[in-house]
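J.: Structure provided below as structure tokens; questions to follow.
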């Protein structure tokens with residue numbers, strides 16, 4: 001029975017094809033070369049199920065259909081050029097570029113399952129790609145996790161946006177917290193962002209002490225310049241390291257001086273996603 005990608009913590013849009021490829025009879029397509037501009041990253045993947053349906057996305061649908069057709073009858077791994085420079089003169093990519101795609105009708109199922117287990121436990125992983133791929137391996141990173149603390153319409157708006165994007169957002173509302181104490185059951189790793197959305201900033205100090213002692217790649221706190229200065233003085237008085245204090249983003253977001261909860265939530269979310277993408281690229 002085909003594994004449901006939604007059952008795995010790893011299963012964001014970047015991992016869905018990998019999860020599907022764990023099952024017998026599923027082929028795996030991987031972009032191993034890009035000529036010109038293209039809307040997907042090197043290593044992007046698509047799974048082709050035995051009935052020809054696909055999991056994942058590499059373009060607007062025309063390429064997926066062609067890959068499903070080409071996967072049928074493949075005896076082993078093969079790299080095929082699509083678009084510019086392809087021998088298939090009747091198939092062109094709308095962007096005008098060219099793609100080299102590895103079609104593997106029988107990827108290493110054990111390796112795929114092991115990578116899914118590693119991603120579910122929040123560890124990066126590598127899948128070696130078979131010859132004749134010019135790309136030696138495909139790297140996978142744990143999905144973005146955001147731990148958000150706070151209250152009011154800003155937290156509600158952030159939760160809605162995160163849900164709409166299919167992100168893993170863990171909410172800790174003020175009513176569930178104890179003033180002056182760290183939040184229970186919070187785990188942070190280098191693929192986790194933390195965001196504080198409080199109007200009453202006295203709730204922040206204990207939480208920021210907790211967060212700055214972890215591995216979160218991003219820590220942000222709502223408030224303007226005056227709030228930032230007061231926060232820094234409070235944390236310094238509590239013995240928080242100067243470098244840790246400086247790492248806290250405030251004001252938050254890419255849009256300056258947001259005037260609505262939804263705009264602030266969107267601004268903060270965009271900043272977090274941008275930092276996560278930079279972290280992935282550097283790893």
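J.: For residue 160 paired with residue 199, estimate the spin-label separation in nm (one decimal), with each label point 7 Å from Cα along the Cα-to-Cβ line.
T.: Once both label points are built, they end up 1.7 nm from each other.
J.: Checking a compactness column here: for region 5-140, what do you get for Rg(Cα) / (2.2 N^0.38 Å), N being the number of residues?
T.: Working it through for region 5-140, the quotient is 0.99.
J.: When a/c reaches 1.5 or more, the comparison of a/b and b/c decides; with that in mind, is region 161-280 rounded, prolate or oblate per its Cα gyration tensor?
T.: It is rounded, given that a/c, with a ≥ b ≥ c, falls under 1.5.
J.: Sequence gap at least 6, Cα distance under 8 Å: using those rules, report the relative contact order of the chain to the nearest whole percent.
T.: Numbers: 500 pairs, mean separation 37.5, N = 283.
Relative CO of the chain lands at 13 percent.
J.: Of the DSSP beta bridges with both residues in the chain, give the percent that are antiparallel, rounding to the nearest 5.
T.: Just about 55 percent of them are antiparallel.
J.: For the chain, find the longest principal axis of its Cα atoms and tell me its angle to the long axis of helix 109-120, 0 to 90°, nearest 10.
T.: That helix lies at roughly 10 degrees to the long axis.
J.: Please order 22, 258 by the number of other Cβ within 10 Å, starting at the fewest.
T.: Exposure proxy ranking, most exposed first: 258, 22.
J.: Taking every eigenvalue of the Cα gyration tensor of region 99-213, multiplying by 5 and rooting it, what semi-axes result, largest first, whole Å?
T.: Semi-axes (√(5λ), whole Å): 39, 15, 11.
J.: Now for a separate question. Return the percentage of antiparallel bridges among DSSP beta bridges fully within region 5-140, rounded to the nearest 5 %.
T.: In region 5-140, approximately 100 percent of DSSP beta bridges are antiparallel ones.
J.: Tell me whether region 153-224 comes out rounded, prolate or oblate; compute the Cα gyration tensor, take square roots of the eigenvalues as a ≥ b ≥ c, and use a/c under 1.5 as the rounded threshold. Each step should come with its number before you reach the end.
T.: Working: a/c = 1.60, a/b = 1.15, b/c = 1.39.
It is oblate, given that a/c is not under 1.5 and a/b is not larger than b/c.
J.: Tilt of helix 62-71 relative to the longest C-alpha principal axis of the chain, in degrees (0 to 90, nearest 10)?
T.: So the helix axis and the longest Cα principal axis differ by about 50 degrees.
J.: Next question, about the same structure. Distance in nm between label sites at residue 243 and residue 131, each 7 Å beyond Cα in the beta-carbon direction?
T.: 4.6
J.: Rounded to the nearest 10 degrees, what's the angle between the helix 225-237 long axis and the longest principal axis of the chain, both from Cα atoms, 0 to 90?
T.: 80
J.: Cα gyration tensor of region 209-283, axes a ≥ b ≥ c as square roots of the eigenvalues: rounded (a/c below 1.5), prolate (a/b > b/c) or oblate?
T.: oblate
J.: Here's something else I'd like to know. Per residue of the chain, what 222 nm ellipticity follows from adding -39500 (n - 2.57) for every DSSP H run with n ≥ 4, rounded to the nearest 500?
T.: The helix contribution divided over the chain gives -9500 deg cm²/dmol.
J.: If each residue's Cβ is checked for other Cβ atoms within 10 Å, how do 174, 259, 145 rank with the fewest at the top?
T.: 259, 174, 145
Quick note: the coordinates plus some simple rules give every number you see, no bench work behind them. It should be emphasised that the depicted structure is a prediction, and the values quoted were computed from it without experimental measurement. Don't worry about glycine lacking a Cβ; one is built from the backbone with ideal geometry, like all the others, and counts go over all protein chains shown.
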